[in-house]
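The values are calculated or read from the model by the stated rules, or taken from the named source; none is laboratory data. Just so it is clear, the model here is predicted, and its values are computed rather than measured. Glycine gets a Cβ as well: all are built from the backbone with ideal geometry, and neighbour counts include every protein chain shown. The accessibility values were calculated without ligands, DNA or RNA, using every heavy atom of the protein model including side chains. Shrake-Rupley method; radii C 1.70, N 1.55, O 1.52, S 1.80 Å.
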Amino acid sequence: MATKPEPAVIVIFGASGDLARRKLGPALHSLTCAGLLPAQTRIVGVARSSLSDAMFREQIYAGVQTYSCYDEGECSMWENSKQHYTYLSGDYDDPETYYRLVQHLTQLEERSGASGNRLFYPLQGDASLFIRADEIELAWGLIDPLTEARQPALYPVGSWGPPDAAALIAPEQSVWHIGCVASNE
């Protein structure tokens, strides 16, 4: 029998973009519908666009309606889980963005019980957004306390991660691919 993952806070950098709307939002919704995302899990979008939490949720929901593996007749979980999506606007080259992110994550973890479990999904695009050394140090300030608490899994650079990574989130006899969980039967 597969183990259900622990609650986490998932941080999506570049969350106002097309990838979050078309792929990540629907994939997270599909995991929720399949019962693979704990109810205490929180999703934090971070991007330069000025959006409220409600606007971010609307944007993600538009992607869920269009691209999710589940239609509303199969899964009506969005109404219960939409409050788990929050948004933080800020420039990637502004250290204040990362200070506010740390404060926001701390508050979410205290309220949700997802303490210490953080998953960061970096934006894809211009690497020059992260070139300053002080920004890198601030970003590592988010990670260092977690790595001191437990040893992260290491895997070869350029690989897709540990071979058993999919087994951590998928139930037995299931195959995982972005956005959907499909039975082998």
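When segment 35-94 is filtered for residues that are part of a helix (DSSP H, G or I) and either touching a helix residue (DSSP H, G or I) at 6+ places or on another chain (Cβ under 7 Å) or hydroxyl-bearing (Ser, Thr, Tyr) (or both), the ones remaining, listed by number, are ARG57, GLN59, ILE60, TYR61, ALA62, GLY63, VAL64, THR66, TYR67, TRP78, SER81, LYS82. Among the residues making up segment 8-23, those that are surrounded by fewer than 18 Cβ atoms within 10 Å (Cβ to Cβ) and either of a type in the set (Asp, Glu) or in contact (Cβ under 8 Å) with a residue 60 or more places away in the chain (or both) are ASP18, LEU19, LYS23. Regarding GLY45, is this residue of a type outside the set (Asp, Glu), within 27 Å of THR97 (Cβ to Cβ) and within 12 Å of the chain's Cα centre (by Cα)? So GLY45 fits the description; yes.
Within segment 102-123, the set of residues being over 14 Å from the mean Cα position of the chain (by Cα), part of a loop (DSSP other than H, G, I, E, B) and among the polar types (S, T, N, Q) comprises just one member, SER115. If I filter segment 74-99 down to residues being open to solvent by 80 Å² or more (accessible area, probe 1.4 Å) and modelled with pLDDT of 90 or more, which single residue comes out as farthest from PRO7 (Cα to Cα)? Looking at the filtered set, the residue picked out is GLU96. Pairing residues of segment 93-110 that are closer than 22 Å to ALA39 by Cα with residues that are assigned to a helix (DSSP H, G or I) and of a type in the set (A, V, I, L, M, F, W, C), at Cβ distances under 8 Å and at least 6 apart in sequence or on separate chains, gives LEU101/LEU142; VAL102/LEU142; LEU105/LEU142. Looking at SER68, SER50, SER76, which is the one that is in contact (Cβ under 8 Å) with a residue 12 or more places away in the chain and more than 28 Å from GLN103 (Cβ to Cβ)? Answer to the selection: SER68.
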